[in-house]
Every structure is written in structure tokens, then in C-alpha cells.
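One structure below.
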Amino acid sequence: MGQWHSHTIPKCRDRDCSDELLVTVKTDYGKRVVKAVYFPHHHCTIEEVGCNMPTYMLEYSEKDNSWWIPEGWYEVNDYFGDYCYSTITDEIIAWSKLQKPYEPRIKQMEEYYG
């Protein structure tokens with residue numbers, strides 16, 4: 001498992017959010033772990049990210065004629081038909097990089113299937 005980081009924010013590429021991460025969220029009912037991304041202040045617009053977010057969650061800039069994604073942590077909702085983000089309003093207490101997906105090793109498969 002990856003190392004957990006607290007009191008820091010992840011690095012972000014220019015005009016993009018952070019990579020998808022695991023975050024520990026402290027709620028009124030305890031703690032939970034969710035997949036999330038971090039957006040720095042006025043770092044990217046909705047057009048650049050290309051996801052489905054309602055305009056009430058965005059900041060409009062007349063200067064650029066663009067909708068900016070406000071700074072903060074957003075839960076990744078990739079289980080819907082539309083890939084989208086939801087604002088995390090509870091306290092983020094730590095974050096960690098995602099593990100790579102499971103890949104069976106050839107030796108393990110040979111042992112299993114004989």
C-alpha cells in the first residue's frame with residue numbers, strides 16, 4: 001500500500017488536476033476512504049477537464065469567458081454513465097497514491113490451474 005500524506009497537497013500538472021488518489025475523509029459519523037482529485041486555485045477550466053459538473057459548482061470569469069473549477073478536493077464519480085466530480089465538504093485528513101490494478105503472475109496461475 002502507498003504512503004499516506006497529511007498536511008500537504010498533491011502536485012498537479014499545468015492545466016490539470018492531480019492524479020486520482022485515495023483520501024481519508026473525516027465526517028460526523030467517522031472516517032471513510034474515497035477516490036478523489038485535487039484542483040488548485042484557477043488551475044483549469046471545465047472545458048480543459050472535460051467532465052460533467054453543474055455550473056453552480058464553478059466560478060465564471062468574464063475576463064476569460066470560462067468556467068473555472070474552484071480550488072479543493074473532489075470525489076471521483078466514475079461509476080455513473082457520465083464521469084464527474086463531487087465537491088468534498090468534509091475534512092481531508094490524508095491522501096495516498098492509488099495502487100496499480102491487480103495483475104496475476106504467470107506462476108500464480110500455473111499453481112492454481114495445475
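The values are calculated or read from the model by the stated rules, or taken from the named source; none is laboratory data. Treat the numbers as computed from the prediction; the structure is a model and nothing was measured. Counting neighbours? That spans all protein chains shown, and the Cβs are built from the backbone with ideal geometry, glycine included.
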Practice task
Examine the range 2-9 for a residue that is surrounded by 13 or more Cβ atoms within 10 Å (Cβ to Cβ), within 21 Å of residue 89 (Cβ to Cβ), of a type outside the set (Phe, Trp, Tyr) and modelled with pLDDT of 80 or more, and state whether such a residue exists.
Solution key: yes
Problem - Evaluation of residue 26 against (1) touching a strand residue (DSSP E or B) at 6+ places or on another chain (Cβ under 9 Å); (2) surrounded by fewer than 14 Cβ atoms within 10 Å (Cβ to Cβ); (3) over 18 Å from residue 94 (Cβ atoms); (4) modelled with pLDDT of 85 or more (one fails), failing number - result: (3)
Practice task
State whether the residues of the range 80-87 include one that is of a type in the set (D, E, K, R) and surrounded by 15 or more Cβ atoms within 10 Å (Cβ to Cβ).
Solution key: no
Practice task
May I ask you to verify whether residue 31 is out of contact with any Phe, Trp or Tyr (no Cβ under 7 Å at 6 or more places or on another chain), surrounded by fewer than 10 Cβ atoms within 10 Å (Cβ to Cβ) and of a type in the set (Lys, Arg)?
Solution key: no
Problem - Top-ranked residue of the range 47-62 - restricted to ones that are at pLDDT below 80 and under 18 Å from residue 76 (Cβ atoms), ranked as surrounded by the fewest Cβ atoms within 10 Å (Cβ to Cβ) - result: 54
